[in-house]
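Here the structure is laid out as structure tokens; the discussion comes afterwards.
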Amino acid sequence: MEPNFKLSGRQKTGLIARYLRGCWHFFAIGLVFACLSMALNALTPQIIRLTVDSILGEQAPELPARVLEWLRWDSLRQQPVRALWLAAAGVMAVAVLRGVCSFGQRLNLSKGSETYVKAIRDDLYRHIQHLTFAWHKAHPTGDIIQRCTSDVDVIRSFVCNQMVEVVRTVFLICLYLSIMFSMNLRLSLVALAFIPIVGLSSGVFYAKISSRFKAADEAEGELTTCAQENLTGVRVVRAFGREKFEEDKFGAKNHAFSALWIKLGKLLSVYWASGTLLTSLQVMTIILFGIVETVNGRMTLGAFMAFIAYNESLAWPVRSLGRVLSEMSKAGVSMDRVGYILHSREEQDAPGAVEPVLGDIVFDGVTFGYEGQEVLKDVSFTIKQGETFAILGGTGSGKSTLVHLLDRLYDLKDGQGAITMGGVDIRQMQREALRKNIGLVLQEPFLFSQTIGENITATRPGSSFDEMRAAAAIACVDDAITAFPEGYETVVGERGVTLSGGQKQRVAIARMLMQQAPVMIFDDSLSAVDAETDTKIRTALRETLDSATVILVSHRITTLMQADRILVLDDGRVSDLGTHQELISRPGIYKDIYDIQMRSDDRALIMEGGEQ
């Protein structure tokens, strides 16, 4: 993936705020309930303090006059048993109210959490759909999936748990410290002194943990990619007996992934152990100082017990604040990884892009390559509207690259020539509209995990069954489909494993025919069918696609010989161009391949297609 892509602090804040727009009110309501719950929780130590000092003891209660009047304290003081029951009832009432607040808090935070993460996933998926083909080729599928799942979940956890926890913790610290300072200044200063110590130690660990989290995240992406490739290529694994090799490869990546998490776990163990030590030290210090304050009469026993309760309640939130800081490192890494996708440039039309113009297709001095290596070198030719044009060439000669450029999966840069259709540069055309006018069938077609019928009609949803079946008949796959028990309702397995290679190619051809595009490209899409079926498909195509511009890319002479003209590529350059008869009448690559492929026992079958 990207070498060192990092979002700035402002960009990360913007990323978080961007998806809070539709759900911030859920978080606001949840936080209100959370703060109410903590405020109610602060009442319990005061009830205990009142019970110990003023019901069981003789200390006058430190309560406002109106509260004492409402409690009828003078008469209640004379009935200690009833007072104890009322204190217990007060604790129960606080617990019930806290339960109600906890319900409201969790309900609203859950709604906000799911709404938030849904918005991220929707935006990520939409954005990925519009990224360039080159971007997808450059990034492993497993890593992309891991960023859209695990990393998104880390961000969700941070925003919906850790950030909420920060607000709760800050409110709790402020509330409890204000109560504690009103009870005893010296003890409160001692308690306050430990808070920056815990925060500082967390900051130190935060700096160390960040890089380790990123390394672990990247290792997880590699592990996911390894598993995804193995599952996708299960046929190859089985066919070549590569199970042991794949197990060893996965085991090595899994070991590296586990080792990184073990290192991270060691660092986290030190962090949590040191946090426990600091917390225990703080509690012990408060108890020792509190005993001295109580013995010297500067604090009542009930107040001391209440203070200890508040201090205990502060211990975990203070530690959790440090935990949140450490989790920020993981969330920061995940934001960088997700942000990289969101900041990757989408495909964009040129300003003032026009609708596609039908007409002759002209390649004019096209030079193109990948990663600095030229594949096409000054290629020029014209495909007339309505003709069948064939392209022949060896592996790596640039046949598929021509097709990809015409479909604008890649765009030519300035100085690399031009491709025009109807006299208009295709770079000035609306990309989506152009692709709707170009039907493309690849050598390795992709079928969705849906029914065969849904795959065929994917390019024209809502079409009739008769139209779908007519397209399948042209592609010579109707008989094979109807032979299945469920016919066109047969569910295609992942990546089309239910069908043979030839059946997948023919279903893909039927899908493209449903598009009814004026330009149809067959990129070696008949390679997995036998010569007889190839002939039948070509014959059916000639009978039904008279007005369409058809581009055939193949290694098989029988597929190309019926074309109006044939282009021969050699090492990225135009080697020859002409009709079948013209090309076999003169020495060259085409005639050499023809002589090799055209054996005497094949001629009868070849001629059934009607050699011209």
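Quick note: the coordinates plus some simple rules give every number you see, no bench work behind them. As the structure is a computational prediction, the values presented were derived from the model and not from experiment. In this analysis, Cβ positions are derived from the backbone assuming ideal geometry, glycine residues included, and neighbour counts consider all displayed protein chains.
Between Leu440 and Ile521, the built amide H atoms are under 5 Å apart, and every one of these is 5 or more places off in sequence or on another chain. Highest mean packing first, where packing is the average number of other Cβ atoms within 10 Å per residue, the peptides 11-23, 140-152 line up as 140-152, 11-23.
Do me a favour and compute the ellipsoid semi-axes for the stretch 358-403 from its Cα gyration tensor, root of five times each eigenvalue, largest one first, whole Å. Before the final figure, lay out the partial values.
Values: eigenvalues 93, 32, 12 Å².
Over the Cα atoms of the stretch 358-403, the ellipsoid semi-axes are 22, 13, 8 Å.
Rounded to the nearest whole Hz, the Karplus-based 3J(HN,Hα) values (6.51 cos²θ - 1.76 cosθ + 1.60, θ = phi - 60°) of the stretch 356-372 follow the sequence x, 10, 6, x, 5, 9, 10, 9, 10, x, 6, 10, 8, x, 10, 6, x, with x at glycine and proline. Between the beta carbons of Ile197 and Arg82, assuming R0 = 45 Å, the FRET efficiency works out to 0.45 to the nearest 0.05. Between Ile566 and Ala390, Gly578, Thr579, the built amide H atoms are under 5 Å apart, and every one of these is 5 or more places off in sequence or on another chain. Placing unit charges on the Cβ atoms only, positive for Lys and Arg and negative for Asp and Glu, gives the chain a dipole magnitude near 3360 debye about its Cα centre.
Placing R0 at 30 angstrom, the Cβ-Cβ distance between Arg106 and Arg18 gives a FRET efficiency of 0.75 after rounding to 0.05. Put simply, the stretch 9-343 fits an ellipsoid with semi-axes of 52, 23, 17 Å; these come from the alpha carbon gyration tensor as the roots of five times its eigenvalues, largest first.
Couplings 3J(HN,Hα) for the stretch 240-245, derived from phi with the Karplus relation 6.51 cos²θ - 1.76 cosθ + 1.60 (θ = phi - 60°), are 9, x, 8, 4, 5, 4 Hz, where x marks Gly and Pro.
Tally Lys and Arg at +1 and Asp and Glu at -1 over the other residues with C-beta under 12 Å from the C-beta of Ile286: what net charge comes out? Net of charged neighbours comes to -1. Distances between placed amide hydrogens fall under 5 Å for Met429 paired with Val354, all partners being 5 or more residues away or on another chain. For the chain, how big is Rg over Rh, using alpha carbon atoms and the Kirkwood form of Rh? When Rh is taken as the Kirkwood radius, the ratio is 1.19.
Taking Lys and Arg as +1 and Asp and Glu as -1, the other residues whose beta-carbon sits under 9 Å from that of Ala475 total +1. So for the chain, taking the charge dipole from beta-carbon charges (+1 Lys/Arg, -1 Asp/Glu), which of Gln597, Met512, Gly462 sits furthest toward the positive end? About the Cα centre, the residue reaching furthest to the positive side is Gly462. All Cα-Cα separations within the stretch 444-516 were binned at 10 Å from zero, giving a P(r) of 23, 63, 13, each value a whole percent of the pairs.
Could you tell me which residue out of Ala309, Asn296, Leu442 lies farthest along the dipole of the chain toward its positive end? Charges go on the beta carbon: Lys and Arg +1, Asp and Glu -1, centred on the Cα centre. The Cα lying farthest towards the positive end belongs to Asn296.
When His130, His404 are sorted by how many other C-beta atoms sit within 10 angstrom of their C-beta, beginning with the fewest, the order is His130, His404. Normalising the average separation of contacting C-alpha pairs (under 8 angstrom, six or more residues apart) by the number of residues puts the relative contact order of the stretch 444-516 at 52 percent.
Taking neighbour counts of Cβ atoms within 10 Å as a proxy for exposure, in what order, fewest first, do Asp248, Asp407 appear? Walk me through the intermediate numbers first.
Values: Asp248 11, Asp407 20.
Listing Asp248, Asp407 from fewest to most nearby Cβ atoms yields Asp248, Asp407.
At q = 0.11, 0.16, 0.20, 0.23 Å⁻¹, what log₁₀ I(q)/I(0) does a Debye calculation on the Cα points of the stretch 484-596 give, no solvent, two decimals? Summing over Cα pairs of the stretch 484-596 leads to -0.44, -0.84, -1.16, -1.37. Between rounded, prolate and oblate, where does the stretch 151-233 land on the alpha carbon gyration tensor, with a ≥ b ≥ c its root eigenvalues, rounded for a/c under 1.5, else prolate if a/b exceeds b/c? The shape class here is prolate.
Extension gain, Lys436-Ala119: 0.36 nm per intervening residue step, less the Cα-Cα distance, totals 111.2 nm. In a fully extended conformation the segment linking Gln385 and Met598 would gain 73.7 nm over its present Cα-Cα distance, using 0.36 nm per residue. Available extension along the chain between Phe133 and Ala239 is 35.1 nm, counting 0.36 nm per residue and deducting the alpha carbon span.
What dipole magnitude, in Debye to the nearest 20, does the stretch 9-343 give about its Cα centre under +1 on Lys/Arg Cβ and -1 on Asp/Glu Cβ? Write out the running numbers ahead of the final one.
Working: 36 positive and 25 negative charges, 106 e Å.
It comes to approximately 520 debye.
Add -39500 (n - 2.57) for each DSSP H run of 4 or more in the chain, then divide by its residues: what number comes out at 222 nm, to the nearest 500 deg cm²/dmol? Intermediate results must be reported in sequence, preceding the final value.
Working: 25 runs with 375 residues, N = 612.
That calculation yields -20000 deg cm²/dmol at 222 nm.
A dipole drawn for the chain from +1 and -1 charges on Cβ atoms has a positive end, and of Thr382, His136, Ser258 the residue lying farthest that way is Ser258.
Working from Cα pairs under 8 Å separated by at least six residues, relative contact order for the stretch 9-343 is 31 percent. Pull up the cross-link candidates among the lysines for Lys413, meaning alpha carbon to alpha carbon under 20 Å and not fewer than 8 places away within one chain. In chain and number order, the partners are Lys137, Lys377, Lys399.
Local charge sum around Cys23 (other residues, Cβ-Cβ under 10 Å, Lys/Arg +1, Asp/Glu -1)? Show your work: numbers first, answer last.
On the way: positive: Arg21, Lys111, Lys118; negative: Glu114.
Once all neighbours under 10 Å are counted, the net charge is +2.
What the phi angles of the stretch 133-143 give under the Karplus curve with 6.51, -1.76 and 1.60, with θ = phi - 60°, is a coupling list of 4, 4, 4, 5, 5, 8, 10, x, 4, x, 5 Hz, glycine and proline written as x. Of Thr44, Thr388, the sequence from fewest to most neighbouring Cβ atoms within 10 angstrom is Thr44, Thr388.
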